[in-house]
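Notes to accompany the following structure.
The values are calculated or read from the model by the stated rules, or taken from the named source; none is laboratory data. Note that the coordinates shown come from a computational prediction; the quantities given were computed from them, not determined experimentally. Methodologically, a virtual Cβ is constructed for each residue, glycine included, from the backbone with ideal geometry; neighbour enumeration extends over all protein chains shown. Ligands, DNA and RNA are excluded from the accessible area calculation, which covers all protein heavy atoms including side chains. Shrake-Rupley method; radii C 1.70, N 1.55, O 1.52, S 1.80 Å.
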Amino acid sequence: MTEKILASKIYTNEGLLEVVDALPLAISVIDKNIKVALANKSTYLLMNKNEEKLIGFVGGEAFGCVHHDDVPEGCGFGEACLKCTLRGTIQRTMEEKKPLGLVETSMTFKGRGKRYLRISTSPMTLEGSDVVLLAIEDITEAKKHEQTAVEKEKLSAVIQTAGAVCHEMNQPLMVIMGLAELLLQDISDEKSLAANLEEIKKQAERLGGITRKLMTIKKYKTKGYINTKIIDIDGAQNSNGLEE
């Protein structure tokens, strides 16, 4: 018990501020006017701004949101602001006096493009004023890896489906092509019949070409078809990395 009391005396308010400043998460304090009142070093790094361009500025302007200049009034007045998850989460925390955690959203920053964020908020009273403690984690890279994993799963499903289709199609195709070849050898003067058999053989060979493309898919594309999308077999990439 004595050790705990001594420890609490050792870590001063200044020490706690140093801890907050050293956190890898971007931590900031947002006042009732949605302006940045305080921020740690990670916030400056995330927003690529110094104190003069961050503290005292309204959220969208401070953070460099591309929609800040949509209307003359600035952040909070544009159409995009009505849908802004970051702003809405802060306002909800301020109004309901309840913390909100791990809310995922995305923002497009000036000069940096679209970034995916995970935000958490907590209501506080700081020097007699109601404020919101805002924590922001940039999860853009994690989202990219997640998307890559999803694409790999989709590709795996495509390859498995293609393999099954090819397996079922190859045998009847071989029979059709074999019989067409035999019939062509047997006929002599029947030009019309010969032409029809040649067309059957041609179409069977075409189907064979499709199965070969399906069997070598490594990447895939889709294309519009009526009211849906289908795999673009001709636009798929084969096992040699070449566009068909």
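What tally of residues in the range 52-82 results from selecting those that are open to solvent by 50 Å² or more (accessible area, probe 1.4 Å) and in contact with a Cys (Cβ under 7 Å, 6 or more places away or on another chain)?
Here the count works out to 2.
Here is a yes/no grid of residues against (1) modelled with pLDDT under 80; (2) out of contact with any strand residue (DSSP E or B) (no Cβ under 7 Å at 6 or more places or on another chain):
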| site | (1), (2) |
| --- | --- |
| Val29 | no, no |
| Val58 | no, no |
| Gly64 | yes, no |
| His67 | no, yes |
| Lys97 | no, no |
| Val103 | no, no |
| Gly111 | yes, yes |
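In the range 56-111, how many residues are small (Gly, Ala, Ser) and at negative phi? Talk me through it step by step, then tell me what you get.
Going through the range 56-111, the residues small (Gly, Ala, Ser) turn out to be 56, 59-60, 62, 64, 74, 76, 78, 80, 88, 101, 106, 111.
Those left that are additionally at negative phi: 59-60, 62, 78, 80, 88, 101, 106.
Residues that pass the stated criteria total 8.
Just for the range 31-72: of the residues that are in contact (Cβ under 8 Å) with a residue 24 or more places away in the chain and part of a loop (DSSP other than H, G, I, E, B), which one is nearest to the chain's Cα centre (by Cα)?
Here the residue is Gly64.
If you go through the range 99-143, how many residues are in contact with a Cys (Cβ under 9 Å, 6 or more places away or on another chain) and open to solvent by 70 Å² or more (accessible area, probe 1.4 Å)? Working first, answer last.
Step one: list which residues in the range 99-143 are in contact with a Cys (Cβ under 9 Å, 6 or more places away or on another chain), which gives 105, 107-110.
From the residues that got through so far, the ones that are open to solvent by 70 Å² or more (accessible area, probe 1.4 Å) too are 110.
Residues flagged as in contact with a Cys (Cβ under 9 Å, 6 or more places away or on another chain) and open to solvent by 70 Å² or more (accessible area, probe 1.4 Å) within the range 99-143 amount to 1.
Looking at Pro99, Pro72, which is the one that is within 15 Å of Ser120 (Cβ to Cβ) and of a type outside the set (Val, Ile, Thr)?
Details: Pro72 fails: within 15 Å of Ser120 (Cβ to Cβ).
After ruling out the rest, the residue left standing is Pro99.
Which residues, counting only those in the range 107-148, are of a type in the set (Gly, Ala, Ser) and either under 18 Å from Val20 (Cα atoms) or touching a Leu at 6+ places or on another chain (Cβ under 7 Å) (or both)?
Residues satisfying the conditions are Ser120, Ser122, Ala135.
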